[in-house]
1. Report the residue count in the range 186-212 for those that are open to solvent by 30 Å² or more (accessible area, probe 1.4 Å) and either within 35 Å of the chain's Cα centre (by Cα) or closer than 14 Å to ILE282 by Cα (or both).
2. Working carefully through the options LEU124, LEU100, LEU130, find the one that is open to solvent by less than 60 Å² (accessible area, probe 1.4 Å), more than 16 Å from GLU176 (Cα to Cα) and not in a helix (DSSP H, G or I).
3. Residues to consider are ALA303, ALA275, ALA297, ALA258; find the one that is under 30 Å from GLY134 (Cβ atoms), out of contact with any Phe, Trp or Tyr (no Cβ under 9 Å at 6 or more places or on another chain), at pLDDT below 95 and outside any loop (DSSP other than H, G, I, E, B).
4. Any residue in the range 261-278 that is without any contact (Cβ under 8 Å) to a residue 12 or more places away in the chain and closer than 23 Å to VAL170 by Cβ sitting within a Cβ distance under 9 Å of a residue that is part of a strand (DSSP E or B) and of a type in the set (Gly, Ala, Ser)? List the pairs, counting only those 6 or more apart or interchain.
5. Would you confirm whether or not the range 287-298 contains a residue that is touching a residue at least 60 places away in the same chain (Cβ under 8 Å), open to solvent by 40 Å² or more (accessible area, probe 1.4 Å) and of a type in the set (Ser, Thr, Tyr)?
6. If we keep just the residues of the range 81-97 that are touching a strand residue (DSSP E or B) at 6+ places or on another chain (Cβ under 8 Å) and outside any loop (DSSP other than H, G, I, E, B), which is most open to solvent (accessible area, probe 1.4 Å)?
7. Being at negative phi, under 36 Å from the mean Cα position of the chain (by Cα) and buried (at least 17 other Cβ atoms within 10 Å of the Cβ) is true for just one of VAL261, VAL278. Which residue is that?
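The values are calculated or read from the model by the stated rules, or taken from the named source; none is laboratory data. All figures in this text were calculated on a predicted structure; none of them were measured in a lab. Backbone-built Cβ (ideal geometry, glycine too); neighbour counts: all protein chains shown. For accessibility, only protein heavy atoms count, side chains too; no ligands or nucleic acids. Shrake-Rupley method; radii C 1.70, N 1.55, O 1.52, S 1.80 Å.
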Amino acid sequence: MERASAVTTSGRVARRWIGALAVMAAVPAGASAAERAPELPPPPPPRPAPVAAPAPTEARVAAVSMHMTTRRAARPAPRLGPSLRLGARGPAVRELQRELRRRGIRVAVDGAFGPRTRRAVRSLQRRLGLRASGVADARVMRRLGLRVRAAAAAPRAVMRAGRTTSRLEVFPVRGEYSYSDTWGAPRSQGSHEGTDIGADRHTPLVAADDAVVSKLSRVETGLGGIYLWLRRADGIQYYYAHMQRIAAGLELGSRVSAGQVIGTVGNSGDARYGATHVHFEIRQNWTSMSPYRHLVAVDRDRA
């Protein structure tokens, strides 16, 4: 466009000069110099020089950087998900299953962490070079791009501060486990008076609080098989049934501390043909109470 405009301007100037020469030719020879001088057209105005774009200042760079940072911060954060294990249910499990499927691992997206999901997590852990525990812990969740809620071990004083919500100091099983609220469920001997916590054989059982051994049996007897009773100073009692064994050195009157290993998971007693687990009860003045909410309160993966 600029070239076409320049050509047009040059043509107009040339026509004016031709007209001026014609006028000069028509002026008589005796005419004065003023009369002979033609009226020449004014030269075209100079073309303005292109204006360079102003160099970006520090303030402008900072403003653009702030705008980009603001836009990045506005993006939605990855979904929050706690450490997940066998027996867990809900949206966090469903999101975990979706991420596993995106990575080519076959698993149903049903929101229930069952044996197939555990196998899928183990497969992913082997692929990532992690220990194949089958538990979707913080490392697994971060590798999948899922944000993880901190589940660090709480100090003893902090856990004691939660005594108002739980009659337990620590969870009675140390290792992988699963459980649900089975309080009052029908059983052959009547309604269920505890919570069954499923775990592999030989998984450690620990004292739920500082207590004294009030009763135990190292040989299978009755429905509980190998069992142990702990009695707290305020009269609260904890019952562990279907154990594989009781820790050496524990006798009637032995004092135990919260978290101390007292035995292992098994399936003795009337559970000898079923899955390995511990039947856990809480009693006050020999009155049984549902342990489920107390277990959840000290379960760092569910609390």
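1. The qualifying residues number 7.
2. Details: LEU124 fails: not in a helix (DSSP H, G or I); LEU100 fails: not in a helix (DSSP H, G or I).
Residue meeting the stated conditions: LEU130.
3. Being under 30 Å from GLY134 (Cβ atoms), out of contact with any Phe, Trp or Tyr (no Cβ under 9 Å at 6 or more places or on another chain), at pLDDT below 95 and outside any loop (DSSP other than H, G, I, E, B) holds for just one of ALA303, ALA275, ALA297, ALA258, which is ALA297.
4. From the range 261-278, no pairs qualify.
5. Checking the range 287-298: at least one residue is touching a residue at least 60 places away in the same chain (Cβ under 8 Å), open to solvent by 40 Å² or more (accessible area, probe 1.4 Å) and of a type in the set (Ser, Thr, Tyr).
6. Residue satisfying both the conditions and the ranking: ARG89.
7. Details: VAL261 fails: buried (at least 17 other Cβ atoms within 10 Å of the Cβ).
After applying the criteria, what remains is VAL278.
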